[in-house]
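Everything below concerns the one structure shown next.
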Amino acid sequence: MFIFDASTLILIAKTETLDFFLSGVELDVAIPLEVEKECCGVKKSLDALMIQKTLDESRIIVIAVKDRKLVTKLQGDFGLGSGEAEAIALALAEKARIVGIDDKNGINACKLLGVAFTTAIGILVRMREKRLLTINEALVKLETLAKHGRYKRSILEDARRKLEAAK
C-alpha cells in the first residue's frame with residue numbers, strides 16, 4: 001500500500017502527474033480522513049478537484065485511523081500536523097510499503113520509525129526513470145514543484161541532475 005500525506009498528494013496533482021502516477025503504481029493507494037479534509041475539504045482549486053475525482057473513482061481510498069493515541073503521540077513527539085501524523089499512523093497500522101510525504105518533520109519521523117517514504121520530487125524522478133515522462137515534461141513538472149513546494153535549491157538541483165541522467 002502507498003499512503004499519501006496531503007502536501008505530497010497536492011504537489012503531484014499540481015504537476016498534473018496524479019493520473020500517470022495512479023496508472024503506473026502497482027500498489028493500492030490510500031489516504032487518512034484528515035488528508036482528505038486537507039486536500040478536498042475547503043477550496044475547490046483544480047488540484048482539489050483532481051484529487052476528489054480520484055476519490056470518487058476509488059482510485060485512492062480513504063481509511064480512518066483507529067489509533068488516535070498514536071496520532072497524538074506522533075504529533076507531540078515530532079511536531080507533526082494532523083494530516084502528517086495520520087498518514088504515518090495509517091502506514092504503521094496497514095504495514096504500508098511506502099509513504100508519500102514532503103514535510104521535514106514527517107520525513108524525520110519516518111526515518112526514526114523505519115517507515116519507507118518518498119517525496120513529490122522522488123515520485124517525479126521515478127516516473128522519469130520508468131519513461132512515463134520525457135525529459136522536457138519532467139523538467140517542466142520540476143519547475144512546478146519548485147514554484148509550489150518548499151524545497152531547498154540543492155534538492156532541486158539534485159533532482160534536475162537525476163532527471164537529466166535518466167536515459
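Quick note: the coordinates plus some simple rules give every number you see, no bench work behind them. Remember, it's a predicted structure, so these values are computed and weren't measured experimentally. Methodologically, a virtual Cβ is constructed for each residue, glycine included, from the backbone with ideal geometry; neighbour enumeration extends over all protein chains shown.
Full extension of the chain segment joining LYS53 with LYS104 gains 15.5 nm, where the gain is 0.36 nm per residue of separation less the Cα-Cα distance.
What distance in nm separates the simple spin-label points at ARG161 and ASP67, each placed 7 Å from Cα in the Cβ direction? Going from the ARG161 label point to the ASP67 one covers 3.8 nm. Number of Lys-Lys pairs in the range 2-120 with C-alpha atoms under 18 Å apart and a separation of 8 or more places or on different chains: 13. A simple spin-label model places pseudo-atoms 7 Å from Cα toward Cβ; at LEU113 and GLU129 they are separated by 2.4 nm. Loop-located trypsin sites (Lys or Arg not before Pro) across the range 58-116 with a Cβ neighbour count of 12 or fewer within 10 Å are LYS66, LYS95, with loop assigned by DSSP.
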